[in-house]
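For reference, the structure is listed below as structure tokens.
The values are calculated or read from the model by the stated rules, or taken from the named source; none is laboratory data. These numbers come from a predicted model, not from an experiment. Using ideal geometry, Cβ is built from the backbone for each residue, glycine included, and neighbour counts are taken over all protein chains shown.
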Amino acid sequence: MQEQRTQWSSSLGFIIASVGSAVGLGNIWKFPYITYENGGGFFVLIYLGAIFIVAFPIVIAEMSLGRHAQLNAFGTFKKLSKNNPFWKAVGLMCIFSAFAILSYYSVVAGWTLDYVWESINDNLQKLTAETVGTRFGAFLASPWKQILLHTVFMFLTSMVVIRGTSGIEKAVDILMPMLGLFILIIAGTSIYNFGSGSTIDFLFNCNFSQINGSSVLEAVGQAFFTLSLGLGAMIVYGSYLPKKISLVKSTIWIVILDTMIALLACFMMYPIIFGTDMEVKRSATILFTSLTVQFNMLPGGSFISAIFYLLVGFAALTSTIALLEPVVSFIDETFNISRKKGTILSAFFIWLLGVGSALGNGASDFFTKLNFMGNLDGLTANWTLPIGGMLIAVFAGWFFKTKDKKEEFNSNELKYFYPYWNFTLKFISPLLVFIVILYKLGVF
Ligand code: TRP
């Protein structure tokens, strides 16, 4: 078993792949829109607090558990808890989260493909601030387009996952830095054209009257979502990680880059919204509306637009890979079937669930009324991920043997970092998540 596991080729390869998993639609699509909905300021503060205090240690917890157990999330819980049924159930919840998130994530990822296609064909060029939203609405209501794009995306994801980690690394190596550069340039242009004052004010000026349980839980959920936490994706990635690579260093990079991209994404989209009173009909679409209008103002706009959405599509792909991988490695290692069969089987059922989300934004009354996508996203991002993350923290803090745990750190880290980390995992992270959940439930 041990010999057969593939490994990341280097520390940089691992960092790049993990950044690839972390940076995705969560940063570029979801963060700007839920921050907009939640009124910025206070929401961002909670989000940043959740990232650096609660989530950061859990990233390392997941990776160290996976590297130690050399198994998928379910297998890791099963092995390290010696078959305890409670922890096995937690493992299953993790797999469920991955399964459910991927199903709607792939739908949104498919939207980027449409934008690449339409940009190439110059079809977005005539859109203005008034018409761009309507066009997007019509696109969402087209059942065959929604299903086709979702299908294409699931297919692409499966192809990479069948090939193992080498495929992941190669795809991310060049494209992630390129995406970063693009985001910087677009954010710069948008600040240049529309100013940054209102955006900065919106993001960093805290208004404490905004505090309520729902937005606090959503901010915490987003911290988990964006760092790919709470369902064992990092357990699986950690299990491919050679012993000599420092978890702490890698994690610092992942967290900083991920946070920067999320904030920069807001600077791409907000200035035009605040600077021109562009109407936002559906906040979940601002990635596909506010930017289109801006691209149309630039020379060669269609070309820039095509490349940009292609890169976002790639960022999404490196995340969908990270979501499919936990499911596939669970199926493979639990039922002992081949990677290929496991991938095809998992991808098919995830695709099937995704049809509800593909049709749930206007294409089918039934799924639209159910708010299928929104509810699935709410259930996972706001509940199963934070609860999963909290339990992973508890597990790593209390049930992961100290001797084994310490092996995951070098001597310097053992001295300066380990005590803080272990204490946070045992007490701070689980307690904070627990309090947030109680707060949301209205207990106080
Ligand atoms: N982090 C990714 C994003 O922000 C999404 C993602 C990938 C994810 N793998 C995950 C979310 C595992 C939760 C768990 O787009």
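Among the residues of the range 125-134, is there at least one that is of a type outside the set (S, T, Y), out of contact with any strand residue (DSSP E or B) (no Cβ under 9 Å at 6 or more places or on another chain) and closer than 29 Å to L352 by Cα? Write out each step before concluding.
Step one: list which residues in the range 125-134 are of a type outside the set (S, T, Y), which gives 125-127, 129-130, 132-133.
Next, only the ones that are out of contact with any strand residue (DSSP E or B) (no Cβ under 9 Å at 6 or more places or on another chain) stay: 125-127, 129-130, 132-133.
Pick out the ones that are also closer than 29 Å to L352 by Cα and you get 133.
Yes; the residues of the range 125-134 include at least one that is of a type outside the set (S, T, Y), out of contact with any strand residue (DSSP E or B) (no Cβ under 9 Å at 6 or more places or on another chain) and closer than 29 Å to L352 by Cα.
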**Asked** In the range 227-282, what residues are away from the ligand (no atom under 16 Å from the Cβ) and charged (D, E, K, R)?
**Response** K243, K244, K249, D277, E279, K281, R282
**Message:** What's the number of the only condition in (1) within 24 Å of T320 (Cβ to Cβ); (2) within 16 Å of the ligand (Cβ to nearest atom) that L217 fails to meet?
**Reply:** (1)
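Name the residues in the range 358-381 that are among the polar types (S, T, N, Q), closer than 16 Å to S214 by Cβ and surrounded by fewer than 22 Cβ atoms within 10 Å (Cβ to Cβ), would you? Give the derivation first.
We begin by selecting, within the range 358-381, every residue among the polar types (S, T, N, Q); these are 361, 364, 368, 371, 375, 380.
This time we only want the ones that are closer than 16 Å to S214 by Cβ, so: 371, 375, 380.
Answer for the range 358-381, where residues must be among the polar types (S, T, N, Q), closer than 16 Å to S214 by Cβ and surrounded by fewer than 22 Cβ atoms within 10 Å (Cβ to Cβ): N371, N375.
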**Asked** From the list L127, L113, which residue is in contact with a Gly (Cβ under 7 Å, 6 or more places away or on another chain) and either away from the ligand (no atom under 16 Å from the Cβ) or at pLDDT 95 or above (or both)?
**Response** L113
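Is it fair to say S302 is more than 13 Å from the ligand (Cβ to nearest atom), under 30 Å from T6 (Cα atoms), touching a Ser or Thr at 6+ places or on another chain (Cβ under 8 Å) and among the polar types (S, T, N, Q)? First the steps, then the outcome.
Numbers: more than 13 Å from the ligand (Cβ to nearest atom): yes; under 30 Å from T6 (Cα atoms): no; touching a Ser or Thr at 6+ places or on another chain (Cβ under 8 Å): yes; among the polar types (S, T, N, Q): yes.
No, not satisfied.
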**Asked** Which pairs have Cβ atoms under 9 Å, sit 6 or more apart or on different chains, and link a residue in the range 12-27 that is closer than 15 Å to L102 by Cβ and of a type in the set (S, T, N, Q) to one that is within 6 Å of the ligand (Cβ to nearest atom) and part of a helix (DSSP H, G or I)?
**Response** S21/A233; S21/S319; S21/A322; S21/L323
**Asked** Since V172 meets every condition but one in (1) farther than 17 Å from I28 by Cα; (2) within 16 Å of the ligand (Cβ to nearest atom), which condition does it not meet?
**Response** (1)
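Any chance the range 295-311 includes a residue that's small (G, A, S), buried (at least 24 other Cβ atoms within 10 Å of the Cβ) and either under 27 Å from V59 (Cβ atoms) or out of contact with any Pro (no Cβ under 9 Å at 6 or more places or on another chain) (or both)?
Yes, the range 295-311 has at least one match.
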**Prompt:** Across the range 1-60, which residue is surrounded by the fewest Cβ atoms within 10 Å (Cβ to Cβ) among those that are modelled with pLDDT under 95, among the polar types (S, T, N, Q) and within 14 Å of the ligand (Cβ to nearest atom)?
**Reply:** S21
**Complete:** Within the range 84-118, restricting to residues that are assigned to a helix (DSSP H, G or I), polar (S, T, N, Q) and more than 16 Å from F348 (Cβ to Cβ), the one that is nearest to the chain's Cα centre (by Cα) is S97
**Request:** Read through the list (1) surrounded by fewer than 22 Cβ atoms within 10 Å (Cβ to Cβ); (2) in contact with a Leu (Cβ under 7 Å, 6 or more places away or on another chain); (3) in contact (Cβ under 8 Å) with a residue 12 or more places away in the chain; (4) farther than 26 Å from E169 by Cβ, then give the number of the only condition that I387 fails.
**Result:** (2)
**Message:** Every residue in the range 47-83 that is touching a residue at least 12 places away in the same chain (Cβ under 8 Å) and outside any helix (DSSP H, G or I), please.
**Reply:** Q70, L71, N72, S81
**Asked** Pairs, please: C-beta under 8 Å, at least 6 apart or cross-chain, first residue in contact (Cβ under 8 Å) with a residue 24 or more places away in the chain and in the range 173-200, second among the aliphatic types (A, V, I, L, M) and loosely packed, with under 14 Cβ neighbours inside 10 Å?
**Response** N193/M297
**Request:** Determine, yes or no, whether E130 is in contact with a Phe, Trp or Tyr (Cβ under 9 Å, 6 or more places away or on another chain) and of a type in the set (D, E).
**Result:** no
